Amino acid sequence: GGEARAEGTRWAEDDLFGTVLECDAASNGTVVLPHPAFGLGGGLAVNLWMRQGPTSGEAFEYLLSLSGGGGGPGDAFDAWAPDNLHIFVPEVGHPAHGVVRFVLRDHDDVCDVSSAGGGGAPPVGGGGLELCRSWIDSDGGYMNNYARDVPGHADLEDNQWHMLTLSTLASGEPGYAVYVDGLLAGRAPPHVVQWGVQDAVGGTAAAEAQTFRADGGDPFLASRPLYLCARSDLDPQRHFTGKVAELEVFDRALTPDEVFSKYQAVVGAAGATQRALSLFLAHAHASSFVEEPLQALGGEVMGEGEHCLTNGLMPCAPGLMCVPKADSVLLLEGTEGLGGECVALPLGGLQGMALVQGLRPAAPLGALPTPLAFFPLTEADPAAAASWPFPAFAALPGGAR
């Protein structure tokens, strides 16, 4: 319930969307949207487009912010409390500048620092091994505040539109995935972290489950308004500069193909193909396809979303590519390899995607997931019900459920 309102923002003409919301941190630009009750069953997804502007400072600018019981205007802000969802960018003076950061915590993701060690880090020995205060970045970096330059990932400061997606895992297991321009960018927690925890506590999934909690996947019970271009407590130092369009909220997880279809529906087949090629081919020297997987350590190949090594010692299964992630440089017996994540080729593989505009149409309406709530942000009323580019989205009963 409630009405949407915007303060310190303006509507700007745009070559892709026609008219878009433009925010300016200097004007404390803020959009407050009525809370859509989503994620009550555990599955959820958020999808939006952004065109980032210049930043200053050494902290963060919040693109989207939704807090649970606390963290509203005038409240003490705690991103690590239960029922929090935030998408934000490190400013130019921050070591991790150049990525987008995602935080998701559901109703039982309680950060007990006393059992997790100082600052939310895992303890060296004894006590609980819960990894709290966790986040994932758009280059796959997990709980990483250091500078990095990982090949193959989108330049989010190129003055172009980029689609950002956060979704719980379609498999229903704990955790969540993030996508940039329709392609998997990272998973929280990474499989390699879970494997490390298993080794530390005895090597079994049962032991891991008792000592390690993955954020996301359980019911999400936040009930406050959703903020765009500002943090939910309206801290004047946390406003976003840039443009925003087409915010969609889903009451279930999205599959990788569904996310890619959303991107293709806006930019067209040629634009989507170019994006996929830039990741899968332009950086092939830093990624790997393995034709002889039995040459790998122990003959084991890794599945979609699992950790891999680009030197072929820990390869992906056929049809998957090992895409490098942050914190990826590993030395194995004198051979440098990049650690990464096995990513599936979108929509059945690049070989099935047309390289010429018009040979393959954009995904039909019936193939696109329907959002529970849709805020186009492409005309002067942020609560407008009309949808672009598919008006049939407006007022569909039941949303994506």
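Figures for the structure shown
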{"read-out": "The listed residue being in contact with a Lys or Arg (Cβ under 9 Å, 6 or more places away or on another chain) and either crowded, with 21+ Cβ neighbours inside 10 Å or at pLDDT below 70 (or both), out of 244, 329", "value": "244"}
{"read-out": "Residues that are of a type in the set (D, E, K, R) and not in a loop (DSSP other than H, G, I, E, B), drawn from the stretch 222-243", "value": "243"}
{"read-out": "Some residue of the stretch 127-137 being at pLDDT 90 or above, under 22 Å from residue 340 (Cβ atoms) and open to solvent by 10 Å² or more (accessible area, probe 1.4 Å)", "value": "yes"}
{"read-out": "Pairs where the first residue, in the stretch 300-312, is in contact (Cβ under 8 Å) with a residue 24 or more places away in the chain and open to solvent by less than 30 Å² (accessible area, probe 1.4 Å) and the second is among the acidic types (Asp, Glu) and in a loop (DSSP other than H, G, I, E, B), C-beta under 9 Å, 6+ apart", "value": "312/292"}
{"read-out": "Pick from the stretch 233-276, criterion polar (S, T, N, Q) and in contact (Cβ under 8 Å) with a residue 12 or more places away in the chain, ranking: nearest to residue 41 (Cα to Cα)", "value": "255"}
{"read-out": "Checklist (1) at pLDDT 90 or above; (2) under 15 Å from residue 166 (Cβ atoms) applied to residue 214, failing item", "value": "(1)"}
{"read-out": "Filtered residues of the stretch 244-272 (kept if in a helix (DSSP H, G or I), touching a strand residue (DSSP E or B) at 6+ places or on another chain (Cβ under 8 Å) and among the small types (Gly, Ala, Ser))", "value": "none"}
{"read-out": "Among the candidates 318, 324, residue that is touching an Asp or Glu at 6+ places or on another chain (Cβ under 9 Å), at pLDDT 70 or above and surrounded by fewer than 15 Cβ atoms within 10 Å (Cβ to Cβ)", "value": "318"}
{"read-out": "Some residue of the stretch 44-59 being of a type outside the set (Lys, Arg), under 27 Å from residue 254 (Cβ atoms) and either without any contact (Cβ under 8 Å) to a residue 60 or more places away in the chain or part of a loop (DSSP other than H, G, I, E, B) (or both)", "value": "yes"}
{"read-out": "For residue 92: the one exception among (1) open to solvent by less than 10 Å² (accessible area, probe 1.4 Å); (2) in a loop (DSSP other than H, G, I, E, B); (3) closer than 19 Å to residue 242 by Cβ", "value": "(1)"}
{"read-out": "Restricting the stretch 5-17 to residues that are hydrophobic (A, V, I, L, M, F, W, C) and either at pLDDT 90 or above or over 11 Å from residue 228 (Cα atoms) (or both), the residue that is surrounded by the most Cβ atoms within 10 Å (Cβ to Cβ)", "value": "17"}
{"read-out": "Qualifying residue in the stretch 45-54 (condition: at pLDDT 90 or above and surrounded by fewer than 20 Cβ atoms within 10 Å (Cβ to Cβ))", "value": "yes"}
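The values are calculated or read from the model by the stated rules, or taken from the named source; none is laboratory data. None of these values were measured; they are calculated from a predicted model. Don't worry about glycine lacking a Cβ; one is built from the backbone with ideal geometry, like all the others, and counts go over all protein chains shown. Note: accessible area is taken over every heavy atom of the protein model, side chains too, but ligands, DNA and RNA are not part of it. Shrake-Rupley method; radii C 1.70, N 1.55, O 1.52, S 1.80 Å.
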